[in-house]
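Novice: Structure in structure tokens, see below.
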Amino acid sequence: MQTVKMVISGAVNAGKTEFIKTISEIEVVSTERRATDDTRLIKKETTVAMDFGRIAISDDLVLHLFGTPGQKRFDFMWEILAEGMLGLVILVDSTRPETFRETNRIIDFFVSYRDTPYVIAANKQDRPNAWSPEELRLALRQPPHIKVLPCTATDRESVKNVLLELLYVIQERSED
Amino acid sequence: MALVGNIRDFSLSDFLSLVDRGYKTGALHLSHNDQMARLYFEKGKLLLAARRPEDEKPELLVRLGVLNADQVAQACRLLAERGNGLTLSQILIDTGLVSADRLQQALMSHTEQSVYGLFAWPEGDFLFEHNQRPAPDAPLAPTPISIDHLIMEGVRRIDEWERIRDRIPSTDLVPRFLAPPGEKLKGMRLAPDEWKVFARINGRDTLAEIAQKTGLSDFDVCRAVYGFLTAGMLELVKRQRVLAAGMPPVEQPRLKKSLVNRIINRIRSM
């Protein structure tokens with residue numbers, strides 16, 4: 001059985017859990033990890049709410065979806081999740097400009113050392129005062145070749161579209 | 001749809017940069033405690049900055065000593081008669097009541113001072129209304145004002161590391177020009193220390209090395225570079241990406257196209 005992995009990242013409350021829930025074939029699982037930061041001083045085990053979803057592609061191939069923990073103190077998990085990932089979806093809450101700086105930090109982390117295929121999903125486009133994908137591109141300072149896609153994480157077609165767009169980016173880089 | 005937020009979270013410099021790069025037309029409404037401001041933009045350039053409603057009225061030109069009250073009244077009468085998409089500034093210049101240069105100079109100075117004051121606001125709600133234009137009788141600069149140097153001025157007033165660290169997390173990063181900076185520089189007025197930093201950017205030296213070579217503090221170098229970044233002139237790269245030696249970038253696994261196609265087909269069918 002071959003497994004491939006995609007990572008869904010974004011600031012707290014960007015919609016990562018919802019995104020994975022909407023498309024996963026299994027109930028989204030929260031995993032537990034031992035924390036390595038100062039929370040360990042308070043208790044030995046700290047729960048890292050890390051979302052995990054799964055899509056069976058065929059009998060011998062499975063796609064795993066991992067949502068990164070949004071809180072800064074769990075940054076150490078990002079490195080682990082990034083290993084061997086196929087591609088990355090960066091979710092942004094389009095209605096909360098206060099999260100754009102954090103989103104940039106996340107993009108920088110995942111992209112700067114790796115040539116990671118990624119797309120940005122401008123989530124919550126169904127809400128009033130959502131910044132449009134083009135405005136988000138400017139606010140996040142993304143170059144024109146990076147796809148910034150409209151998204152509503154609760155809508156299956158919208159989530160499918162984001163994943164497909166990411167897969168098209170991966171497809172361009174894949175070997176014949 | 002309007003863009004809303006707070007300059008505490010998305011700074012005024014960042015917003016001006018967005019307007020500049022996005023060639024936005026519209027009005028930016030700002031409020032902080034009992035203060036207000038309204039900035040009008042045309043294709044990414046500033047037309048007018050009002051710190052109070054009276055700044056959008058023709059009488060501003062009397063307060064600035066450009067015209068007397070009779071001349072303003074005369075121009076307003078002509079504007080009402082001719083109308084048809086004309087602006088007060090066009091009437092003033094066409095009728096010779098004031099030269100374009102004099103009008104530009106006075107309104108540019110007023111506009112810049114108005115915007116500089118806004119950078120002192122620690123927070124404030126903003127709302128950008130697309131395509132909202134000033135009234136025809138508003139005193140507009142004949143030539144819309146480039147906002148690059150306003151962005152730099154905003155950055156000069158940053159005195160906390162935290163905001164700068166959001167964009168510049170380490171002094172081991174290497175600043176690199178995105179394109180030859182000539183065109184962008186035209187609209188900017190750099191301070192001597194900023195020139196020192198600017199002249200040392202070569203796409204190889206880290207920020208720490210630039211600080212060492214210029215004798216400036218890390219903070220001063222990073223602040224200047226933050227300004228160049230916000231103005232869209234630079235990018236920061238990690239040294240490993242610049243130099244062939246050292247740790248190579250992590251290779252992504254190369255997948256077979258057939259495998260990717262299988263995943264695509266599966267997602268499509270869901």
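Novice: Can you give me the Cα centroid spacing of the range B:52-123 and the range B:36-50 in angstrom?
Specialist: 13
Novice: Bin by bin, in steps of 10 Å, what percent of the Cα pairs in chain B do you find, going until the bin that has the longest distance?
Specialist: The distribution over chain B is 6, 24, 25, 20, 14, 7, 3, 1, given as percents.
Novice: Using the structure shown, select from A:21/B:24; A:16/B:43; B:196/B:238; B:24/B:57; A:147/B:257 the pairs with a Cα to Cα distance greater than 26 angstrom.
Specialist: Violating the 26 Å Cα-Cα cut-off are A:21/B:24; A:16/B:43.
Novice: Can you tell me the mean projection area, over all orientations, of the convex hull of the protein assembly as shown's alpha carbons? Units nm², please.
Specialist: Taking a quarter of the hull surface, the average projection is 26.4 nm².
Novice: At the nearest 100 Å², what buried accessible area, both sides summed, do you get for A and B when the probe is 1.4 Å?
Specialist: Heavy-atom accessible area buried at this interface is about 4300 Å².
Novice: Write down the accessible area per residue of the protein assembly as shown in Å², having rolled a 1.4 Å probe over the full set of protein chains.
Specialist: With all protein chains present, the protein assembly as shown gives 46 Å² per residue.
Novice: Within 10 Å of each Cβ in peptide B:7-14, how many partner chain Cβ atoms are there on average? Round it to a whole number, please.
Specialist: If you average over the peptide's residues, the count of other-chain Cβ atoms is 3.
Novice: Among B:215, B:232, B:85, whose mean-square fluctuation peaks in a Gaussian network model of chain B (Cα, cutoff 10 Å)?
Specialist: In the Gaussian network model the winner is B:85.
Novice: On a 0 to 90 degree scale, rounded to 10, what angle separates helix B:100-118 from the longest Cα axis of chain B?
Specialist: Computed tilt is about 60 degrees.
Novice: In addition: Over every pair of different alpha-carbon atoms in the range B:83-146, take the mean of 1/r and invert it; report that Kirkwood radius in Å.
Specialist: Every distinct Cα pair counted, the radius reaches 13.6 Å.
Novice: If we count trypsin sites (Lys or Arg not before Pro) as exposed when they sit in a DSSP loop and have at most 16 other beta carbons within 10 Å, what is the longest stretch of chain B that avoids them all?
Specialist: It runs B:44-156.
Novice: Now, a different point. List every residue whose amide H lies under 5 Å from the amide H of residue B:237, counting only residues 5 or more places away in sequence or on a different chain, with H placed 1.01 Å from N in the peptide plane.
Specialist: The answer is B:174, B:176.
Novice: Report ³J(HN,Hα) in whole Hz for each residue of the range B:156-166, in order, from the Karplus equation J = 6.51 cos²θ - 1.76 cosθ + 1.60 where θ = phi - 60°; Gly and Pro get x.
Specialist: Each residue of the range B:156-166 in turn: 4, 8, 6, 10, 10, 5, 4, 5, 5, 5, 4 Hz.
Novice: Moving on. Could you give the radius of gyration (one decimal) and Dmax (whole number) of the Cα atoms in the range A:99-143, in Å?
Specialist: For the range A:99-143, the Cα radius of gyration and maximum Cα-Cα distance read 11.4, 36 Å.
Novice: Convert 25 °C to kelvin, take the viscosity as 0.890 mPa s, use the Kirkwood radius over C-alpha pairs of the range B:110-210 as Rh, and evaluate the Stokes-Einstein diffusion coefficient in µm²/s, rounded to a whole number.
Specialist: Approximately 147 µm²/s, per Stokes-Einstein.
Novice: Pairing the Cα long axis of helix B:257-269 with the longest principal axis of chain B, what angle in degrees results, from 0 to 90 and rounded to the nearest 10?
Specialist: Taking Cα atoms only, the helix is inclined about 50 degrees.
Novice: Same structure again: Which whole-Hz couplings ³J(HN,Hα) result when phi for each residue of the range B:2-17 is put into the Karplus expression 6.51 cos²θ - 1.76 cosθ + 1.60, θ = phi - 60°, listed in order with x for Gly and Pro?
Specialist: 6, 9, 10, x, 9, 5, 5, 9, 10, 5, 4, 4, 4, 5, 4, 5
Novice: I would also like to ask the following. What net charge is computed for the residues neighbouring residue B:20, neighbours being all others with C-beta under 9 Å from the C-beta of residue B:20, Lys and Arg scored +1, Asp and Glu -1?
Specialist: That works out to +2.
Novice: Hey, how many Å between the Cα centroid of the range A:136-150 and the Cα centroid of the range A:96-121?
Specialist: Each part's Cα centre sits 11 Å from the other's.
Novice: If you don't mind, there's one more thing I want to ask. Who wins for biggest fluctuation among B:205, B:159, B:34 in a Gaussian network model of chain B, springs between alpha carbons below 10 Å?
Specialist: Taking springs between Cα atoms under 10 Å, the residue moving most is B:34.
Novice: Tell me what chain B gives for mean residue ellipticity at 222 nm when only DSSP H runs of n ≥ 4 count, each as -39,500 (n - 2.57), the sum divided by the residue total, rounded to 500 deg cm²/dmol.
Specialist: -13000 deg cm²/dmol
Novice: Ignoring ligands, DNA and RNA, please state the percent of accessible area on the range B:88-218 from carbon and sulfur, probe 1.4 Å.
Specialist: Ligands and nucleic acids excluded, carbon and sulfur reach 50 percent.
Novice: For chain B, find the longest principal axis of its Cα atoms and tell me its angle to the long axis of helix B:218-230, 0 to 90°, nearest 10.
Specialist: That helix lies at roughly 70 degrees to the long axis.
The values are calculated or read from the model by the stated rules, or taken from the named source; none is laboratory data. Keep in mind it's a predicted model, so treat the numbers as computed, not measured. Neighbour counts are summed over all protein chains in view; Cβ atoms, including those assigned to glycine, are modelled from backbone coordinates with ideal geometry. The protein model used for the area step is the full one, side chains on, heavy atoms only, and it has no ligands, DNA or RNA in it. Shrake-Rupley method; radii C 1.70, N 1.55, O 1.52, S 1.80 Å.
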